[in-house]
1. Check whether at least one residue in the stretch 242-253 is buried (at least 20 other Cβ atoms within 10 Å of the Cβ) and modelled with pLDDT of 95 or more, and report yes or no.
2. Taking the condition closer than 30 Å to G149 by Cα, at pLDDT 95 or above and either aliphatic (A, V, I, L, M) or out of contact with any strand residue (DSSP E or B) (no Cβ under 8 Å at 6 or more places or on another chain) (or both), does I265 pass?
3. For residues that are part of a loop (DSSP other than H, G, I, E, B) and without any contact (Cβ under 8 Å) to a residue 60 or more places away in the chain, tally how many sit in the stretch 313-332.
4. Within the stretch 19-29, is there a residue that is at pLDDT below 95, in contact with a Phe, Trp or Tyr (Cβ under 7 Å, 6 or more places away or on another chain), within 27 Å of I279 (Cα to Cα) and among the β-branched types (V, I, T)?
5. Go through the stretch 333-372 and count every residue that is surrounded by 15 or more Cβ atoms within 10 Å (Cβ to Cβ), acidic (D, E) and outside any helix (DSSP H, G or I).
6. Within the stretch 245-262, track down each residue that is touching a residue at least 40 places away in the same chain (Cβ under 8 Å) and either touching a strand residue (DSSP E or B) at 6+ places or on another chain (Cβ under 8 Å) or not assigned by TED's automatic domain parsing to the domain that holds F303 (or both).
7. Within the stretch 176-187, can one find any residue that is over 14 Å from L259 (Cβ atoms), crowded, with 24+ Cβ neighbours inside 10 Å and at pLDDT 85 or above?
Amino acid sequence: MLRLGLIINPWAGLGGSVALKGSDGAATVSEALARGAEKKAALRTRLALEPLTEFAPHCLWLTPSGEMGADLLQELGFRYQVLDDVTPSCPSTAEDTHKAAESLLKQDIDALVFAGGDGTARDICRIVEDRLPVLGIPAGVKIHSGVFGITPRACSEVLTHFLTGRLVDVREAEVRDLDEDGYRAQQVRAKHFGDMRVLQVGQFVQAVKQGGVESEELVLADMAADYVQSMQDDVLYLIGSGKTTQSVMVELGFTGTLLGVDAVINGELLASDLTEQQILQLLQQFPKRRALISAMGGQGHIFGRGNQQFSAEVIAQIGKAQFDVMATKTKLTSLQGRPLIVDSSDPQLDQAWRGSIEVITGFQDRVIYPVA
């Protein structure tokens, strides 16, 4: 019988839908809750663990009490033991994660599964280092590290291989995290905090996020000019996050929000750095709308990484046909054949995007690229 550790950061991803660019620190958590954010880490963890319930007799989970693991394992019917030397605070803190990881190191577990973002990975890495195989369930806003499955369901695939005795690789991967204050000020500074040994199967575990810093200014300018030329009157345009889409805002003459979502109509900036709820309100006001998004370099995510303002509800209301995807051919080539990824926390919606999509890659230049 396999012994698995589970640590859930209940606050992971809390700041995403309300445009806070992260969830680190009590002050950010309080602000996110004040803005109406809802906790989603348990949902993301459920998506990863629910398909494993058929293997419940073959594993024992060791986990902190309450929202940090025990509540969900009980709901799903898994066998589990609560770590009796860890009493999570309310709300839980990074120190609780440290204590849980320290406790699990003493429990002779086969692997540690955790749910969170880069901040959680950093907390785990600080204690575990390379002493245990790990697998991260992506539940945060910032997910640049290479220790996460590409989606919660992808984590299920890796863990299914592990639980059924099939071959699973264990490889070192980087833990990286951003300076959240700098992130909110439109400065992307990722720092390497260490390496962990990660369970890997095929292409179910993501690569380290690439910054995409290369000589692409002319290509970006061409794509932006092409897109602005195609923009129609009386249509609400929601411009997503990232350097690629930011080029459109520059072409329009606006500073824009590098790491947020901006709204433009008739060549005028309507609103900046929108939250999920603000986007939903605009969708009620404007029946004609389009949204522009890009792919994350090195990973390929078009939803679920740094743009949680485009929630499953927002994506569904806009509709797949009204989304435009923009990426340079260099960025697509860096994926080495891996598909673009939709990770909205709604499996049915993710499945509806499966197939292929047209990607803007230059001035009047398009490619067809697969989506998984």
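1. Checked against the condition, which is being buried (at least 20 other Cβ atoms within 10 Å of the Cβ) and modelled with pLDDT of 95 or more, the stretch 242-253 yields no hits at all.
2. When the stated conditions are applied, I265 does not pass them.
3. 1
4. Yes, the conditions are met somewhere in the stretch 19-29.
5. Looking only at that region, the number is 2.
6. Within the stretch 245-262, T245, V248, V261 qualify.
7. No, the conditions are met nowhere in the stretch 176-187.
Table: residues versus (1) free of Cβ contacts under 8 Å to residues at least 24 places away in the same chain; (2) over 25 Å from E38 (Cα atoms).
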position	(1), (2)
A271	yes, no
L283	no, no
I302	no, no
Q308	no, no
S311	no, no
S334	no, yes
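The values are calculated or read from the model by the stated rules, or taken from the named source; none is laboratory data. Bear in mind that the values here come from a model prediction, so they are computed numbers and not experimental data. Every residue, glycine among them, receives a Cβ derived from its backbone with ideal geometry; neighbour counts consider all protein chains shown.
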